[in-house]
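The values are calculated or read from the model by the stated rules, or taken from the named source; none is laboratory data. None of these values were measured; they are calculated from a predicted model. In this analysis, Cβ positions are derived from the backbone assuming ideal geometry, glycine residues included, and neighbour counts consider all displayed protein chains. Ligands, DNA and RNA are excluded from the accessible area calculation, which covers all protein heavy atoms including side chains. Shrake-Rupley method; radii C 1.70, N 1.55, O 1.52, S 1.80 Å.
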Amino acid sequence: MPELPEVETVMQGLRARLEGRRIAHAELRRGGLRWPFPPGLAQRLTGARVTGFRRRGKYILMRLDGGESVLIHLGMSGRIILSPARPNAVTPHEHMVLETDDGWHVGFVDPRRFGSVDLIPTEREDTHKLLAGMGPEPLDDAFNAETLSAALAGKRTPIKAALLDQAVVAGLGNIYVCEALYRAGISPRRLAQTVAGTRARRLVPEIKATLREAIAAGGSSLRDYVQPDGELGYFQHAWKVYGREGKPCPQCPGPPICAGIKRITQSGRSTFYCPRTQR
Ligand SMILES: [Zn+2]
């Protein structure tokens, strides 16, 4: 499932190819994804010029010169395919296609159809039901130890669950929460309210650094991206704890001091952590 750095990378790839271009042709191959496409979507996109892009949490906003923004969510399995010409064969599960005035083909592929596309007035982007109520962007200055402490005050859920709550901070998912908690030495099971203060001052910089490193890795994957029929936004990561159950902990001596990375289930999802250093 794409998280913030993957979505940021997809947005940067789209920006590089689409900003300033006109949409010469738009095609929908079904009635919708998670929800129906907005009425007249293909007609409203055709002829519009793309003026800019913005990411909010895990959402991409593509702004058009007519004053509307296309809101895109990749869902569980969505991906964007860019190619310099219309592919010879139809890509399976490619439900929405845009063609630019310079001949590029942009396909939204989503086998499980948990993704979504909506069209909203640009000036009211932040009041859209999916974006309203979202917490601060983790890379903005508005997300800091003070604002995080305030959001966690009185919260009696585990810190892992609190950080996944999009009202506390936007765009964090399972992988980056596990990684940031590990780097900050904070147990994923610790009650959220006890992270306010000293621990929040340790955690916030690790959240930002974890995301920045992943975005940088995504950016270099874009520079390497030369093949036609390329997919945006998926790139290699070297996780410290995520998916590494039983593997040696990168910052501990081996057994008997640290038995390695442990996996537990919290709210139905896997959490990976080091029981020795994360308290
Ligand atoms: Zn360890």
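Quick notes on this one:
- Simple Cβ-charge dipole of the range 110-151, Lys/Arg +1 and Asp/Glu -1, about Cα centre, in debye nearest 20: 380 debye
- Modelled spin-label separation between C252 and T91, with each label point placed 7 Å from Cα along the Cα-to-Cβ direction: 4.2 nm.
- The chain: relative contact order as a whole-number percent, Cα under 8 Å and 6+ apart: 18 percent
- Between S77 and R112, F114, G115, the built amide H atoms are under 5 Å apart, and every one of these is 5 or more places off in sequence or on another chain.
- Proximity of backbone amide H atoms, modeled 1.01 Å from N, is registered between H25 and G47, E99 at under 5 Å, excluding neighbours fewer than 5 places apart on the same chain.
- Accessible area per residue, Å², the chain with all protein chains present, probe 1.4 Å: 45 Å²
- Counting protein heavy atoms only, the chain has 50 percent of its accessible area on carbon and sulfur, 1.4 angstrom probe.
- If the convex hull is drawn through the Cα atoms of the chain, its volume per residue in Å³: 135 Å³
- In order along the range 261-276, phi translates into HN-Hα couplings of 6, 10, 10, 10, 10, 10, 6, x, 10, 6, 10, 10, 6, 9, x, 7 Hz, rounded to whole numbers, per the Karplus curve 6.51 cos²θ - 1.76 cosθ + 1.60 with θ = phi - 60° and x for Gly and Pro.
- Once all protein chains are placed together, K262 keeps about 90 Å² accessible to a 1.4 angstrom probe.
- Over the chain, dividing the summed -39,500 (n - 2.57) contributions of all DSSP H runs of at least 4 residues by the number of residues returns a 222 nm mean residue ellipticity of -8000 deg cm²/dmol.
- Under the Karplus curve 6.51 cos²θ - 1.76 cosθ + 1.60, θ = phi - 60°, whole-Hz ³J(HN,Hα) for the range 23-36, x wherever Gly or Pro sits: 7, 7, 7, 10, 9, 10, 9, 7, x, x, 10, 4, 10, x
- Given charges at beta-carbon only (K, R positive; D, E negative), |dipole| of the chain in Debye: 1300 debye
- Table column - 3J(HN,Hα) (Hz), the range 149-160, Karplus curve with 6.51, -1.76, 1.60, x for Gly and Pro: 4, 5, 5, 8, 4, x, 7, 9, 9, x, 4, 4
- Of K58/K240; K58/K262; K155/K247; K208/K240; K160/K240, pairs whose Cα-Cα distance is over 26 Å: K58/K262; K155/K247
- Accessible heavy-atom area order of M11, M134, highest first, probe of 1.4 Å: M134, M11
- Listed peptides 40-48, 64-72, 181-189 by packing density, highest first (mean Cβ within 10 Å): 181-189, 64-72, 40-48
- Cα lying deepest toward the dipole's positive end in the chain, options I186, A209, P38, charges on Cβ: I186
- Of G173, L119, V70, farthest towards positive along the dipole that unit charges on Lys, Arg, Asp, Glu beta carbons give the chain: G173
- Inverse of mean 1/r across different Cα pairs in the range 19-73, Kirkwood, Å: 11.9 Å
- When +1 charges are put on Lys and Arg Cβ atoms and -1 charges on Asp and Glu Cβ atoms, the dipole computed for the range 38-140 relative to its Cα centre reaches about 300 debye.
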